[in-house]
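The values are calculated or read from the model by the stated rules, or taken from the named source; none is laboratory data. All values reported here derive from a predicted model rather than from experimental measurement. Reconstructed Cβ throughout: ideal geometry from the backbone, glycine too, with neighbour counts over all protein chains shown. For accessibility, only protein heavy atoms count, side chains too; no ligands or nucleic acids. Shrake-Rupley method; radii C 1.70, N 1.55, O 1.52, S 1.80 Å.
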Amino acid sequence: MIGQGILAAGITIGGFKWTGSFTTIDLIAATTNALNGALLARRPDHYKNFTIVGILLMALLGGIGGGVTRDIILNKVPGAFTNPAYILLCLAAGVVGYLIAFGSGQLFREGLFQFMTSFSLPWYAIAGAIAAEKAHLPILGVLAMAVIGPTAGRWYIDVSSGVEPKQFIRGEWFVSIAAFTGLVWLICDAAGLGTWWSVGISFIVGFTIRLLALYLGWEEPLAKEPAGVYQHSDGRPLLGRKIAGKSQRELHDLGLVVENPAPGGAD
């Protein structure tokens, strides 16, 4: 059963809907993910001479990509196309992300990006779980939607930028934390907790674990390498060192340093 009040009527003005439990959660997720999209598109490992319009489109991909994918799977017209608040807030977040990325140092941008991805991931996971529960999906279907919501937007940005999708490479339990957040929401909802109690508990759990994973370097184990294949470096920067800005090697391993060709080298 969906938490009490999850379908509460919201305020609708000129097609814009700003309130209602699910709408609020989904708008928070979309807006923060749009900010992440703009920041990600400015990272050296993703940036491909994007125009300003390109950066804003990347923000839209990050912001509404997960929600649109989720809604299409659930056979619904995506909320981002029926409620203009989604696109408006995502574009505004994209502008903010572009200005921050353009005017601030890379270590500041990276620290902000990692913090905001930790913030947006549980919100989108919760929204996915709620939408799947409303559609009467079984538990595994709910958990799948909790993963698709927060990760599909990152997939679109990574593929558009020509880099390996975050879901499939070593990282700080990106997919697993999304699924676990959805599971916590399911448990809270099944226990009969109110809407915002369920949301608050599952958000705090997901956000805290994600921050700890970033700060302490908790990562998924790598698959056993085939003979002769290069073993990935373990020099990934921890969140604390990233903010402190200590190691050039850490920046290189994260993809935050663009290699300059040797003078006189071949084109």
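Which condition breaks for residue 193 when tested against (1) more than 19 Å from residue 21 (Cα to Cα); (2) touching a residue at least 12 places away in the same chain (Cβ under 8 Å); (3) not in a helix (DSSP H, G or I)?
(1)
Take residue 139 and decide whether it is farther than 23 Å from residue 24 by Cβ, open to solvent by 10 Å² or more (accessible area, probe 1.4 Å) and either at pLDDT below 90 or not basic (Lys, Arg) (or both). So that I can check it myself, show each step before the final result.
On the way: farther than 23 Å from residue 24 by Cβ: yes; open to solvent by 10 Å² or more (accessible area, probe 1.4 Å): yes; either at pLDDT below 90 or not basic (Lys, Arg) (or both): yes.
It is true that residue 139 is farther than 23 Å from residue 24 by Cβ, open to solvent by 10 Å² or more (accessible area, probe 1.4 Å) and either at pLDDT below 90 or not basic (Lys, Arg) (or both).
Quick check on my filter: what residues within region 155-181 are over 15 Å from residue 219 (Cβ atoms) and open to solvent by less than 40 Å² (accessible area, probe 1.4 Å)?
157, 158, 161, 163, 165, 178, 179, 181
Of the residues that sit in region 13-31 and are in a helix (DSSP H, G or I) and open to solvent by 20 Å² or more (accessible area, probe 1.4 Å), which one is nearest to residue 92 (Cα to Cα)?
Of region 13-31, the ones in a helix (DSSP H, G or I) are 21-31.
Pick out the ones that are also open to solvent by 20 Å² or more (accessible area, probe 1.4 Å) and you get 22, 24, 28, 31.
On the way: 22: 21, 24: 17, 28: 13, 31: 8 Å.
Out of the qualifying residues, it is 31.
Could you look through region 95-117, keep only residues that are open to solvent by less than 50 Å² (accessible area, probe 1.4 Å) and aromatic (Phe, Trp, Tyr), and pick out the one that is modelled with the highest pLDDT?
98
Can we say residue 42 is open to solvent by 40 Å² or more (accessible area, probe 1.4 Å), among the basic types (Lys, Arg) and touching a residue at least 12 places away in the same chain (Cβ under 8 Å)?
Yes; evaluated as a whole, the condition is true for this residue.
Output the residues belonging to region 45-74 that are open to solvent by 10 Å² or more (accessible area, probe 1.4 Å), in contact (Cβ under 8 Å) with a residue 60 or more places away in the chain and in a loop (DSSP other than H, G, I, E, B).
Once the filter is applied, which keeps residues that are open to solvent by 10 Å² or more (accessible area, probe 1.4 Å), in contact (Cβ under 8 Å) with a residue 60 or more places away in the chain and in a loop (DSSP other than H, G, I, E, B), region 45-74 yields 45, 47, 48, 74.
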